[in-house]
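Engineer: Encoded as structure tokens, here's the structure I'll be asking about.
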Amino acid sequence: MSSMQQRAELQSQIWKIANDVRGSVDGWDFKQFVLGALFFRFISENFALYIEASDESIDYAALEDSVITPEIKEDAVKTKGYFIYPSQLFVNVAQNANDNPDLNTDLKEIFNAIESSANGFPSEQDIKGLFADFDTTSNRLGNTVKDKNSRLASVLKGVAGLNFGHFEDNQIDLFGDAYEFLISNYAANAGKSGGEFFTPQHVSKLIAQLAMHKQTTVNKIYDPACGSGSLLLQAKKHFDNHIIEEGFFGQEINHTTYNLARMNMFLHNINYDKFDIALGNTLLEPDFGDEKPFDAIVSNPPYSVNWIGSDDPTLINDDRFSPAGVLAPKSKADFAFVLHALHYLSAKGRAAIVCFPGLFYRGGAEQKIRQYLIDKNFVETIISLAPNLFFGTTIAVNILVLSKHKPDTKTQFIDASGLFKKETNNNTLTDDHIVKIIEVFDTKADIDHFSKSVDYDAIAKNDYSLSVSSYVEAKDTREVVDITKLNAEIQTTVTKIDRLRRDIDMIIAEIEG
């Protein structure tokens, strides 16, 4: 079985679990339990492999908890960031799940124990609250303990039956892909609320390649509105791990999504000391000020959300916003995220940010911010994408690429709205589409109806509009009409009509005569 077939089969099995055993627990509430069980299994098997250290004589799951010394536990937490006793491993809990009348409370205690094992260690904040959304005592699982345990056992048994292959060979990728598959399917079926925290992988791949283009090393990669971490993880999937020297950083305002992002890091085998995901409001309580600047920034921030803006007079003095001389509108925080990313960007790096098109042609404060960005020569490229690429919206979004090391004062515009493959519910970008976009981004070539690099003066004269359609002429797909030929055809038709009229007149005259 090929890896593609194995992945497809695995995804089908996961979706079957989510649909078969959810009962009265619908939608995202239930999928949280499947995600939690997947994560529990992953860290259990990953931890057991670490303890066994390829020694076939050791079966960690079969050991008694009592043989674990404090020294073993301390060393493990320092390395892995957490500790799991043999009796707490997923395989042992799942094996006895159907016969355990205390399953729900036992699971809660195990999760608490795993999280508290990191207390006092550097990994504490990375582990704390990871299982917060896997509430095994929730009434969403049923009104009685028996009902709760029955559903929990079904979830554990279902996840236990998933074939991830040989762990060392491929299980890490399959775990992560399985996890993202479940998240993306939720997003696809949940409209805007689901799509808020998940950027489709094909778009994430393009954004990561834009941000890291031709960088042999980056100090670290950052997403100021990281959602489930899908954008950050594309950098790991498509580039050598050693390129990113100091790790992955992100901030997320939603607590549930913040937990998803941290779980996603572990599931893609990023150790606790190589990522830092913070919980909080990026615009009002920005984290990682001591970590900036970042060589690569990727982001798909929330579209046109409200923020306090000018109602807080201190914000105009914030180092992130003050250079522009104006704050983003209170009803549209988009440019606040853009200016935040720009402030955190290093002199050698790039930021690739998903934006709604209106940002690039509206007047008022947004026009003034565009003028600042152009006058200071921070805008490298703006790319218009096809519609219906994202979950929850059919709008054709743009990607804004910021840079502080442009060799000239031109701004590149790429119209990639015609590059897409039609799928059942959404359009997608293929690898060939991504290659085409990256190639013209690299060469800055002018291609009729596709790309154009525009001088600073032309943009200034155009009131600092950055709408791609203002600079890249759309291809005229209307049928070309040969006027001379058309006139000849019309004349022929008129001649025929005149002849028919004469014939009809003759026939009528004969009848009347």
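Engineer: Residue 274: which aspartates and glutamates have alpha carbons under 15 Å from its alpha carbon, excluding same-chain residues fewer than 8 sequence positions away?
Structural biologist: Filter leaves 124, 126, 223, 240, 245, 246, 291.
Engineer: Another one. Could you tell me the relative contact order of the chain? Use alpha-carbon pairs under 8 Å, at least six residues apart, and round to a whole percent.
Structural biologist: Across the chain, relative contact order equals 11 percent.
Engineer: Next question, about the same structure. Could you work out the equivalent-ellipsoid semi-axes for region 223-300, taking the square root of 5 times each eigenvalue of the Cα gyration tensor, largest first, in whole Å?
Structural biologist: Square roots of five times the eigenvalues give 19, 15, 11 Å.
Engineer: Using 18 Å as the Cα-Cα cut-off, could you pick out the over-long pairs in 292/406; 128/236; 205/292; 214/236?
Structural biologist: Those over the limit are 292/406; 128/236; 205/292.
Engineer: On to the next question. Give me the distance between the Cα centres of region 397-470 and region 79-154, rounded to whole Å.
Structural biologist: 48
Engineer: Something else now. Report, ordered by chain and residue number, the aspartates and glutamates lying within cross-link reach of residue 31, taken as a straight Cα distance under 16 Å and ignoring same-chain residues fewer than 8 apart.
Structural biologist: Leaving aside aspartates and glutamates fewer than 8 places away in the same chain, those within reach of residue 31 are 20, 133, 135, 177, 180.
Engineer: With no solvent and one point on each alpha carbon, what is the Debye value of log10 I(q)/I(0) for region 356-513 at q = 0.18 Å⁻¹?
Structural biologist: Normalising to I(0) and taking log10 leaves -1.10.
Engineer: Computed FRET efficiency, Cβ-Cβ of residue 63 and residue 406, R0 60 Å: what is it to the nearest 0.05?
Structural biologist: 0.50
Engineer: If r is the Cβ-Cβ distance from residue 375 to residue 486 and R0 is 60 Å, what FRET efficiency results, to the nearest 0.05?
Structural biologist: Values: r = 51 Å, r/R0 = 0.84.
Approximately 0.75, to the nearest 0.05.
Engineer: State the number of lysine pairs found in region 436-513 whose Cα atoms come within less than 19 Å, restricting to pairs 8 or more positions apart or on distinct chains.
Structural biologist: Qualifying lysine pairs in region 436-513: 7.
Engineer: Report, in deg cm²/dmol and to the nearest 500, the calculated mean residue ellipticity at 222 nm for the chain, where each DSSP H run with n ≥ 4 adds -39500 (n - 2.57) and the sum is divided by the residue count. Don't skip to the answer; put the middle values down first.
Structural biologist: Numbers: 17 runs with 222 residues, N = 513.
Dividing the helical sum by the residues of the chain leaves -13500 deg cm²/dmol.
Engineer: State the antiparallel share, in %, of DSSP beta bridges confined to the chain, rounding to the nearest 5.
Structural biologist: So the antiparallel bridges in the chain amount to around 50 percent.
Engineer: Could you look at the chain and say what percent of its accessible area is carbon and sulfur, using a 1.4 Å probe and all protein chains?
Structural biologist: Ligands and nucleic acids excluded, carbon and sulfur give 49 percent.
Engineer: In addition: If you put +1 on each Lys and Arg Cβ and -1 on each Asp and Glu Cβ, how big is the dipole of the chain around its Cα centre, in Debye rounded to 20? Mind dumping the intermediate values first?
Structural biologist: Working: 49 positive and 72 negative charges, 265 e Å.
Rounded to the nearest 20 debye, it is 1280 debye.
Engineer: Run the reach check for residue 410 against aspartates and glutamates, Cα to Cα strictly under 18 Å, same-chain hits fewer than 8 apart removed. What comes back?
Structural biologist: Result set, ordered by chain and number: 375, 380, 439, 442, 446, 448, 455, 457, 463, 473.
Engineer: Something else: Between residue 54 and residue 457, how high is the FRET efficiency from 1/(1 + (r/R0)^6) when r is the Cβ-Cβ distance and R₀ = 60 Å? Nearest 0.05.
Structural biologist: The pair residue 54/residue 457 has a calculated efficiency of 0.40.
Engineer: I would also like to ask the following. With a 1.4 Å probe and every protein chain left in place, work out the accessible area per residue of the chain in Å², rounded to a whole number. Provide the component values of the computation, followed by the final result.
Structural biologist: Numbers: 23960 Å² over 513 residues.
I get 47 Å² per residue for this part.
The values are calculated or read from the model by the stated rules, or taken from the named source; none is laboratory data. For clarity, every value in this text was computed on a predicted model and none was experimentally measured. FYI the Cβ positions are ideal-geometry reconstructions off the backbone, even for glycines, and counts take in every protein chain you see. Ligands, DNA and RNA are stripped out before the accessible areas are found, and what is left, the full protein with its side chains, is counted by its heavy atoms. Shrake-Rupley method; radii C 1.70, N 1.55, O 1.52, S 1.80 Å.
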